[in-house]
Amino acid sequence: MVLGALAPFMMVATACHHAPRTSSAVIEPDSLRGIVSVTGTAFEQRLVLRSGNSSTPLSASTSDSAALSRMGGVEVLVIGTRSPNFFRVEHFTALNVGGSPVVDGVLRNDGGRLALETTGGTILLGNPPTALRDMIGARIWIGGPLDRGPNSYGVIVPAR
């Protein structure tokens, strides 16, 4: 009789027991490195990342898609999530242009000197191109010796 009275309580107790979670519910971002290629027409552009013999279609937010479309021919690192048909870009960084390393960041005025604010810190530019003075707030890539120039550059996101 005692077992008959305890049986319903034991069933409830075991029904509330949850197995421990063995995997993380958080999806970690993935990354790809390659050269951005813009294909299609002005009306319907497609962004593709080419790496070695493979090409991966990219999907991005409207603002990132516009920025990536300015990166044709530039080697980038994209961070995001891989799916079976494309790679969804969360953010990206310019790495190389024409085989030469570049630095990606936002152009700032630092006490009358131009500086590049990067994810790793601020870099003062020694002898930047004059045209950069009118681009404060723009996200750019810049190559060449940053402390003395000459520098090449490209606009990733224009100043607002």
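The values are calculated or read from the model by the stated rules, or taken from the named source; none is laboratory data. Just so you know, these numbers come straight off a predicted model, no measurement behind them. Heads up, the Cβs are rebuilt from the backbone with ideal geometry, glycines too, and the neighbour counts pull from every protein chain shown.
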By residue number, the members of segment 120-136 that are assigned to a loop (DSSP other than H, G, I, E, B) and within 23 Å of Gly72 (Cβ to Cβ) are Pro129, Met135
Query raised in the report: Could we say that Gly149 is within 24 Å of the chain's Cα centre (by Cα), at positive phi and not basic (Lys, Arg) here?
Result: no
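Can we say Thr118 is of a type in the set (S, T, N, Q), within 27 Å of Arg33 (Cα to Cα) and in contact with a Pro (Cβ under 8 Å, 6 or more places away or on another chain)?
Details: of a type in the set (S, T, N, Q): yes; within 27 Å of Arg33 (Cα to Cα): yes; in contact with a Pro (Cβ under 8 Å, 6 or more places away or on another chain): no.
In short, no.
Out of Leu146, Leu132, Leu107, I need the residue that is more than 18 Å from Ser65 (Cβ to Cβ), touching a helix residue (DSSP H, G or I) at 6+ places or on another chain (Cβ under 8 Å) and buried (at least 16 other Cβ atoms within 10 Å of the Cβ). Which one?
None of the other options fit; the residue is Leu107.
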Segment 42-112: strands (runs of 3 or more DSSP E) wholly inside it with 1 or more residues that are under 22 Å from Thr122 (Cα atoms) and in contact with a strand residue (DSSP E or B) (Cβ under 7 Å, 6 or more places away or on another chain) are 74-82, 87-97, 100-110
Subset of segment 68-82, residues buried (at least 20 other Cβ atoms within 10 Å of the Cβ) and under 15 Å from Ile140 (Cβ atoms), comes to Leu68, Met71, Val74, Val76
All-but-one check, Thr93 against (1) closer than 20 Å to Asp30 by Cβ; (2) surrounded by 13 or more Cβ atoms within 10 Å (Cβ to Cβ); (3) modelled with pLDDT under 95; (4) hydroxyl-bearing (Ser, Thr, Tyr), failing number (3)
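Looking at the structure I just gave you, is Arg113 surrounded by fewer than 19 Cβ atoms within 10 Å (Cβ to Cβ), within 22 Å of Ser63 (Cα to Cα) and among the charged types (D, E, K, R)? Spell out the reasoning first.
On the way: surrounded by fewer than 19 Cβ atoms within 10 Å (Cβ to Cβ): yes; within 22 Å of Ser63 (Cα to Cα): no; among the charged types (D, E, K, R): yes.
The answer is no for Arg113.
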Of those in segment 149-160 that are surrounded by 14 or more Cβ atoms within 10 Å (Cβ to Cβ) and outside any strand (DSSP E or B), the residue modelled with the highest pLDDT is Asn151
